[in-house]
Amino acid sequence: MSLDPRLAGEIVDACAAAIVLVGVGLASSRSIGRSIWLVAIQSILVGIAAIGVGAATGAAHLVAGGLLALGVKGVVVPLVLGSILRRSAVRRERHPILGPRGSLLAAVAIVFAASAATDGVLLDAGVAAGRVVPAAIAEVLTGLLIVMTRRKALSLVVGLLVFENGIALTAFALTYGMPLVVELGVLFDLLIAIVVAWVYARRMLDVLGSTSTDRLRSLRG
Amino acid sequence: MIELLVLATIGLPCIAGIVAWYAEADRARSVVLPALAIAVVAGLGLAGLVFSAGPVRAFDGLVVVDALGAYVLMLVLVVAAIAGAGSPAHLRHEAAAGTLRPHDAGRYYALFLWFAAGLAATPLLDNLGLVWVGIEATTIVSALLVGFARTPAAIEAAWKYLILGSIGIGFALLGTLLVYASSVGVLGETSDALAWTRLVGIAPQLDPGLARLAFLFALAGYGTKAGLVPFHTWLPDAHSQAPSPISALLSGAALAVALYALARFHVVTVGALGPAFSSTLLVVFGLISLAVALPFIVAQGDLKRLLAYSSIEHLGLATLALGFGGELALLGLSLHLVSHGLAKATAFLAAGRLVAERGSRRIGRLGGSLAHSPMESRALVIGALILSGLPPSGLFVGEIAILLGGVQAGWGLAAGAAAAILALAVAGLLFHLVRMVVAPTGRADGVAQSEAAAPAELAEPREQPERQAGSSGAPSGPLAGRAVGSAVLLGLPLAVVVAAGAWTPAPIAAALEQVVLILGGGRG
């Protein structure tokens, strides 16, 4: 399987730009349902970028890793999250620690900071590295921003997925992916982590009557 | 032969776990405990083989066990054996209290086995990427165990553990990636590019900028899992809310496994950049952990949180030792970590039983425990005396070796500060012990003061039904057997740690020397 490197480069660049845009959208979204959709789209874009790099460089394991990531993070995990959302009464992030406008500003600032910080420290430019590394760093930081500023259990899981997407993108951009056995392990762990998060979100519903982590404030000192 | 031992250590518990998941409580126990025993024996055999005959490879290089890996494997298995032996009593109490659902016992045993197998598998893997996978897998399984009680507090602790653990471990993945990125340039795109045995050899050729960044991320990531301040906030919650045998495994073994992963990164980083960079960071974070844990130990009101903060303190000291480097400090580290594992696991088991019998975890309400539950109290007192670093014990010798080694390696100021903090922590722990064991019931705590109006004798009968074998006057039949079993379970590890302070058998000393050689950057 081979793809013209220039075309692949353009595909990957376009994916990187779209990933960053979706990330900004995620940071400013208050509807949890929309966040799940957006993070699914973002994960699929990460998968496409990986497949693009793999096709251009002839790295079959990268294509396989991209397809796996696309299936697991783009389809399975969002479906699991959607099923929790349907059981839960919480649909919106009503009182986030940082409101949507603040989050939007912070997310845009992160994008600029990430491209400024990675400017000039790029390793070999290869197919991808050019615009992908800043996008990857931006998504890692956006994920952290979401985890730190939201209160609902599902929003935190979405933030983790964005963070995870940033790391996956770093992997593809810097190294053309990890060995397949490692990639498999990483994806499997992620899937299990989401299932466990799902289990706990349900227990929160059963025991606390809500999936808002606001209620989780008793352990101190 | 090696393959067989590895399968018996890792594969057997995994399969037995699947069986236990679907089994009734009694059936599960009769499957799980023998499987665990076989795994422990096989794993210790494997470790012995490595110590006596050098590193072994198996499964086409997937498994490479050197002395450091064998040491961590041994530590994990011994702690798992203690925690496993303490599990039936814990579940018996939970069943008596009516908090278990029908399948809970089987699931507890299944998750316990998978958790232990994951911890034991991690030090056997040569590939740093798979080491990451192993640690992440243990995080997920143990998150299910932390919230096992399904109380709001347990769910909160598990949720915090899951989210913070996932972010931390994400950073560790970034660190692993950066190591891969820098080694691919030297080794080419093979899965060997993450093999630790290869990485150590080519470390001087790694890109220094990437190696530096990789260590920072690994420190944040595995530091989170090892409970280093400021990444520790999940630890007191998770370790105090988990069922006590799980607390034992988390504090005694899981923290050591995370530190092990960090140590592997440290050795590679020292090879790439020289000792200054990563050693300084480890010393700084070790000291911060010691300093921050101290006030929480001194002012602690909750028995299990007290033990959890003591783990932060001890892991801080271990990190400090790793940073000091040098033969003496590293020898101290290897003695300290295993002594801590044994003593902490036993202390958690004893604390768990004491809490179950008295019905409170508030230290102030545990006054008079020596009269109420003599065996658990004695085990807890001895465990806490060991954990506070008083002689004679392996932990004491380890601490002294670490501090002297620090002075020897030119970290006099840091070693002095650590010594001062450790001395203050002794005072804190002893203060709590006196409150629990010697003080009359309910007098020592401000909260309990208001209840002191109700005479202690009135409170006593209400707790009577919860009292178990070993605490009552003259148990007979199977109860007596249980009491003897409990005494052995709680007494033996403590006796070993105390004895280690006076005398280390020659083969064990030789094994620890090999561990030191690897931590010092040799190829052992």
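The values are calculated or read from the model by the stated rules, or taken from the named source; none is laboratory data. Since the model is a prediction, treat every value here as computed from it, not as a measurement. Cβ: placed from backbone, ideal geometry, glycine included. Neighbour counts: every protein chain shown. We work out accessible area using only protein heavy atoms, side chains counted, and drop any ligands, DNA or RNA first. Shrake-Rupley method; radii C 1.70, N 1.55, O 1.52, S 1.80 Å.
What do you get for the angle between helix B:276-298 and the principal long axis of chain B? Use alpha-carbon atoms, 0 to 90 degrees, nearest ten. The helix B:276-298 is inclined about 10 degrees to chain B. For B:Q205 and A:A116, the FRET efficiency from 1/(1 + (r/R0)^6), where r spans their Cβ atoms and R0 equals 22 Å, is about 0.10.
One decimal place: the segment B:A96-B:T190 gains 28.4 nm when fully extended, by the rule 0.36 nm per residue minus the C-alpha distance. Comparing each chain alone with all protein chains together (probe 1.4 Å, DNA, RNA and ligands left out), the residues of segment B:182-199 losing at least 20 Å² of accessible area are B:E189, B:S191, B:L194. Taking every protein chain into account, the 1.4 Å probe leaves A:F163 with about 0 Å² of accessible area, to the nearest ten.
This model, with +1 at the C-beta of Lys and Arg and -1 at the C-beta of Asp and Glu, gives segment A:5-215 a dipole about its Cα centre of some 1140 debye. Between segment B:351-381 and segment A:1-78, the alpha-carbon centres lie 55 Å apart. Per residue of B:146-157, other chain Cβ atoms within 10 Å of the residue Cβ number 4 on average. Buried accessible surface for the B/A chain pair comes to about 3700 Å², total over both chains, computed with a 1.4 Å probe.
The contact residues of segment B:269-316, meaning those that lose at least 40 Å² of 1.4 Å-probe accessible area when all protein chains sit together rather than their chain alone, are B:R305. Full extension of the chain between B:S52 and B:T504 gives 161.1 nm of extra length, using 0.36 nm per residue less the Cα-Cα distance. Ligands, DNA and RNA left out, the 1.4 Å accessible surface of chain B is 69% carbon and sulfur atoms.
Computed with a 1.4 Å probe over protein heavy atoms only, the accessible area of A:E183 comes to about 20 Å². Accessible surface of B:T197, taken over heavy atoms with a 1.4 Å probe and every protein chain present, rounds to 40 Å². Note on B:K344: lysines with a C-alpha under 30 Å away, same-chain residues under 8 apart excluded, are B:K160, B:K225, B:K304. Other protein chain C-beta atoms within 10 Å of residue C-beta, averaged over A:197-207: 4. Other protein chain C-beta atoms within 10 Å of residue C-beta, averaged over B:167-173: 5.
Residues of segment A:177-194 that lose at least 30 Å² of accessible area (1.4 Å probe, protein heavy atoms only) when the other protein chains are present, relative to their chain alone, are A:M178, A:P179, A:V181, A:V182, A:V186, A:D189, A:A193. Sorting B:H314, B:H103 on solvent-accessible area from highest to lowest, probe radius 1.4 Å, gives B:H103, B:H314.
Accessible surface for chain B, divided over its residues, is 34 Å² per residue with a 1.4 Å probe.
So the label point goes 7 Å from the Cα of A:R30 along Cα→C-beta, right? Which residues of segment A:78-105 then have their backbone N under 13 Å from it? Under cut-off, by backbone N: A:91-104.
Estimated purely from DSSP H runs of n ≥ 4, each contributing -39500 (n - 2.57), the mean residue ellipticity at 222 nm for chain B is -25000 deg cm²/dmol once divided by its residues.
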